[in-house]
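Note sheet for the following structure.
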Amino acid sequence: MIGDNVDTAFFHSWFRNYVKGFYSEDPGIQENIRLKEEHTLRVCKEIIQLCRSLDLNENALRLADTIALFHDIGRFEQFRTYNTFNDKVSENHATLGLKVLEETDVLSRLTETQHSIAYKAIGYHNVRKLPDPDSETPDCLLYSKLLRDADKLDIWLVVTTYYGKRHNHRNPALELELPDTPEYSLCFVEDILNNQVSNSHELKTFNDMKLLQLGWLFDINFTQTFIRIQQRRIIEKIIADLPDTEDMRKIQNHLKEYLNERISER
């Protein structure tokens, strides 16, 4: 495993100063910059808890924290440039983040091995499917899986909180500017019932996005993550904000059965 200490205090200080450069007096911009800043810090906490549940050592934990800290570093430039978090109509935020890391050279404090793992894990964090084990190193895949689980846990927190209050305060950036209509695309229903993660490029409505988020369950890697999903009632909260149809009842039953199976495997 990773042997050298990582200077997380430096990285967190650098991150705070970097993000402050995007603060704005415009309430809409400030809301979304803070949204991603706070999301990032919670993902750091989630990934540390996951590392501890796996009994990883302190050095591994520090590297995981650093990877989580920088995983969405491209979001700030993305929102300032395009006024959206929708990669489809702007650019891939992970790729943009890697450009920021290259230009600032902030990861130069890491060893060559740590740098490679961090860079790849950040680049992989939003891909539909991770590379096969025979084409990537075990350490890279471990940190990538940790990041993807931690990221999803907090995205689910953000969106379920938002779904509960959005009728009082709308944030189009969290809805990817998708039309909020009763319709949903059957391809997302079929993917869930076939235990598949959907393609975000197929999104047509806001309900499609909720179904996409439910389907992330099939990309979860660690038992502790499944337990937290159950404890936080993620499935129930998202389903509650979808149309009351037979499709949704099938999906809920299927997802809960899958969740219970994965938890019982430990």
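Computed from the coordinates by the stated procedures, all read-outs in this text should not be read as laboratory data. For clarity, every value in this text was computed on a predicted model and none was experimentally measured. Cβ placement follows ideal geometry from the backbone for every residue including glycine, while neighbour counts extend to all protein chains displayed.
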Exercise for the section: Sticking with the crude label model, points 7 Å out along Cα→Cβ, report the distance from residue 34 to residue 219 in nm, one decimal please. Expected result: 2.9 nm
Practice task
Note the per residue figure in Å³ for the convex hull of the C-alpha positions in the range 8-151.
Solution key: 106 Å³
Problem - Cβ-Cβ FRET estimate between residue 155 and residue 45, R0 fixed at 22 Å, reported to 0.05 - result: 0.95
Practice task
Beyond 16 Å, what share of the Cα-Cα pairs of the range 75-125 is found? Please give it as a whole percent.
Solution key: 43 percent
Exercise for the section: Report the FRET efficiency, 1/(1 + (r/R0)^6), for residue 183 and residue 23, where r is their Cβ-Cβ distance and R0 is 22 Å, rounded to 0.05. Expected result: 0.05
Problem - Calculated P(r) of the range 188-229 - Cα pairs past 17 Å, % - result: 32 percent
Exercise for the section: Please tell me the relative contact order of the range 39-174 in percent, rounded to the nearest whole number, where contacts are Cα pairs under 8 Å and at least six residues apart. Expected result: 30 percent
Problem - Quarter of the Cα convex hull surface for the range 178-264, i.e. its orientation-mean projected area (nm²) - result: 5.2 nm²
Exercise for the section: Multiply the residue gap between residue 256 and residue 55 by 0.36 nm, knock off their C-alpha separation, and tell me the result in nm, one decimal place. Expected result: 69.6 nm
Practice task
Pairs to check: 204/250; 120/165; 99/129; 99/237; 145/250. Give those whose C-alpha atoms are more than 26 Å from each other in this structure.
Solution key: 120/165; 99/237; 145/250
Handout entry: Proxy reagent accessibility, fewest Cβ within 10 Å first, across 232, 42
Key = 232, 42
Exercise for the section: Let me know the charge dipole size of the range 1-69 about its Cα centre in debye, to the nearest 20, where only the beta-carbon of Lys, Arg (+1) and Asp, Glu (-1) is charged. Expected result: 60 debye
Fill in the blank from the handout: Each label sits 7 Å from Cα toward the beta-carbon; between residue 12 and residue 200 the label points are separated, in nm, by 2.7 nm
Practice task
Hand me the chymotrypsin sites (Phe, Trp or Tyr not before Pro) from the range 1-93 located in a DSSP loop with no more than 13 other Cβ atoms within 10 Å, in residue order please.
Solution key: 23
Handout entry: Potential lengthening between residue 168 and residue 105 on full extension [0.36 nm per residue; Cα-Cα distance subtracted]
Key = 18.5 nm
Problem - Per-residue HN-Hα couplings for the range 90-105 [Karplus 6.51, -1.76, 1.60; θ = phi - 60°; Hz; x = Gly/Pro] - result: 10, 8, 4, 5, 5, 4, 4, x, 5, 5, 4, 5, 5, 5, 8, 6
Problem - the chain, helix-only ellipticity at 222 nm - DSSP H runs n ≥ 4, -39,500 (n - 2.57), divided by all residues, nearest 500 - result: -20000 deg cm²/dmol
